[in-house]
Amino acid sequence: MSQEKSTIPGNHQQVPLKVLAIGSAYEDTILYVDKFPPEDGKQRAQRVEKRRGGNAGNTLTVLSQFPLTQGYFMASMASKDASAFLLHDFETHNIKTSTCIFRSNAELAPVAYIIYADNTSSRTIINYNSIDELTFEEFKRKFEAACVEEVDTLNNDLPFNWIHFEGRNVVEVAKMIDYIGTKVWRPRTKISVELEKPYRRGLETLMSRADVVFFSKVFAEGKGYNHAGDFLQIMSPHCKNTALLFCTWGSSGAMCYNNQTRKLSTEPALPIPSVVDTVGAGDTFTAGVIYGLTQGMTTEGCLKFACELAGRKCAQVGFDCVV
Ligand code: ADP
């Protein structure tokens with residue numbers, strides 16, 4: 001059983017990394033219970049934690065731990081006052097939020113209550129988000145400002161080497177990706193999309209626009225598949241013919257389908273002594289792939305690296321010091 005830290009290739013990072021991640025941020029309250037409560041019952045929690053949540057932000061929290069890496073988070077948020085907890089946490093993790101939109105009339109930040117049942121390791125999530133989604137026009141304004149601000153000589157005039165989207169608000173996100181496609185530097189950056197919720201309509205629109213697509217087990221199961229490999233091969237015609245498709249499968253690890261070589265790769269989960277906290281395991285996996293691909297790892301190397309990183313996350317509480 002090995003939980004030794006994976007080495008950053010060559011033990012030092014070669015490529016400075018600027019990652020823009022677009023999604024939404026939540027105030028998560030995690031209730032750790034022995035077992036899931038019966039309906040209409042009353043139960044004491046073993047432990048309670050409050051954290052910043054939201055997939056894209058979690059991925060940036062992990063990425064920000066790698067050297068020479070700067071994360072930028074973009075979302076439509078509640079008012080600045082109502083977002084104070086979230087903004088403070090982003091700042092603590094050195095993630096820039098100048099790319100966020102604040103809705104002054106929204107007095108409640110998005111919240112999620114997560115019931116973590118110890119006996120089954122299940123995570124049951126109830127969330128509430130009344131903030132209007134980020135529109136294309138808002139994205140364009142913030143994105144242009146960030147491009148002007150962040151272009152530097154280190155990156156050869158490239159504002160971001162990776163732009164990652166949570167697959168939500170499909171119509172607007174498709175416009176955002178198309179807009180990025182008009183930039184001369186587009187061939188030097190990668191765009192990824194995470195598809196987590198199977199019930200969101202029109203997600204194929206996003207698959208066909210991304211260089212890397214991240215699917216969740218929930219998404220695959222929601223589409224009627226119980227094997228990551230079968231699912232990825234069925235999804236592949238909807239994606240670019242150069243795309244890499246990843247699908248995580250909890251304690252069974254993850255798979256990748258390379259649309260160019262038509263090769264399917266499998267990686268088992270990292271064996272860990274005990275599962276402590278799986279909240280954000282998939283987001284950590286995403287961070288591992290983004291990091292690995294930008295540093296020139298092979299597809300298989302990335303898959304292994306990402307599974308190791310996500311496994312280590314599951315063996316600890318939260319994300320701090322996971323890299
Ligand atoms: P999500 O957080 O999106 O539900 P998954 O549960 O599929 O994501 O987990 C993402 C990755 O985390 C998996 O591919 C695997 O590498 C790792 N992982 C998840 N559960 C475990 C576990 N019990 N032991 C080791 N690694 C795990």
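The values are calculated or read from the model by the stated rules, or taken from the named source; none is laboratory data. Fair warning: this is a prediction, and the values are worked out from it, not measured in the lab. Counting neighbours? That spans all protein chains shown, and the Cβs are built from the backbone with ideal geometry, glycine included. To get the accessible areas, we keep the full protein, side chains included, count just its heavy atoms, and leave off ligands, DNA and RNA. Shrake-Rupley method; radii C 1.70, N 1.55, O 1.52, S 1.80 Å.
Structure notes:
This table checks each residue for (1) within 14 Å of the ligand (Cβ to nearest atom); (2) out of contact with any His (no Cβ under 6 Å at 6 or more places or on another chain); (3) under 27 Å from Ser64 (Cα atoms).
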{"site": "Asp211", "(1), (2), (3)": "no, yes, yes"}
{"site": "Lys223", "(1), (2), (3)": "no, yes, no"}
{"site": "Gly229", "(1), (2), (3)": "yes, yes, no"}
{"site": "Leu232", "(1), (2), (3)": "yes, yes, no"}
{"site": "Met235", "(1), (2), (3)": "no, yes, no"}
{"site": "Lys240", "(1), (2), (3)": "no, yes, no"}
{"site": "Gly250", "(1), (2), (3)": "yes, yes, yes"}
{"site": "Asp277", "(1), (2), (3)": "yes, yes, yes"}
{"site": "Ala281", "(1), (2), (3)": "yes, yes, yes"}
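- In region 292-321, the residues that are surrounded by 24 or more Cβ atoms within 10 Å (Cβ to Cβ), among the aliphatic types (A, V, I, L, M) and more than 15 Å from Gln65 (Cα to Cα): Leu303
- Residue in region 159-168 that is more than 16 Å from the ligand (Cβ to nearest atom) and farther than 24 Å from Thr97 by Cα present: no
- Scanning region 247-291 for residues that are of a type in the set (D, E, K, R) and open to solvent by 50 Å² or more (accessible area, probe 1.4 Å) yields a total of 2.
- Members of region 17-55 that are out of contact with any strand residue (DSSP E or B) (no Cβ under 6 Å at 6 or more places or on another chain), open to solvent by 90 Å² or more (accessible area, probe 1.4 Å) and under 17 Å from Ile126 (Cα atoms): Glu39, Asp40
- Strands (runs of 3 or more DSSP E) fully within region 16-60 that include at least 2 residues being under 19 Å from Asp320 (Cα atoms), within 16 Å of the ligand (Cβ to nearest atom) and in contact (Cβ under 8 Å) with a residue 40 or more places away in the chain: 26-33, 47-53.
- With respect to the stated conditions, Thr124 is out of contact with any Ser or Thr (no Cβ under 9 Å at 6 or more places or on another chain), assigned to a strand (DSSP E or B), at pLDDT below 95 and open to solvent by 10 Å² or more (accessible area, probe 1.4 Å).
- Selection from region 1-30 of residues that are among the hydrophobic types (A, V, I, L, M, F, W, C) and at pLDDT 95 or above: Val19, Leu20, Ala21, Ile22, Ala25
- Pairs with Cβ under 8 Å, 6+ apart, first in region 181-209 and farther than 25 Å from Thr294 by Cα, second modelled with pLDDT of 90 or more and among the basic types (Lys, Arg): Pro198/Lys223
- Looking only at residues of region 169-209 that are hydroxyl-bearing (Ser, Thr, Tyr) and away from the ligand (no atom under 16 Å from the Cβ), we find that the one that is least open to solvent (accessible area, probe 1.4 Å) is Thr189.
- Residue match in region 299-308 (condition: within 7 Å of the ligand (Cβ to nearest atom), at positive phi, under 19 Å from the mean Cα position of the chain (by Cα) and in contact (Cβ under 8 Å) with a residue 24 or more places away in the chain): no
- Gln233 falls short on exactly one of the conditions (1) farther than 15 Å from Met255 by Cα; (2) open to solvent by 20 Å² or more (accessible area, probe 1.4 Å), and that condition is (1).
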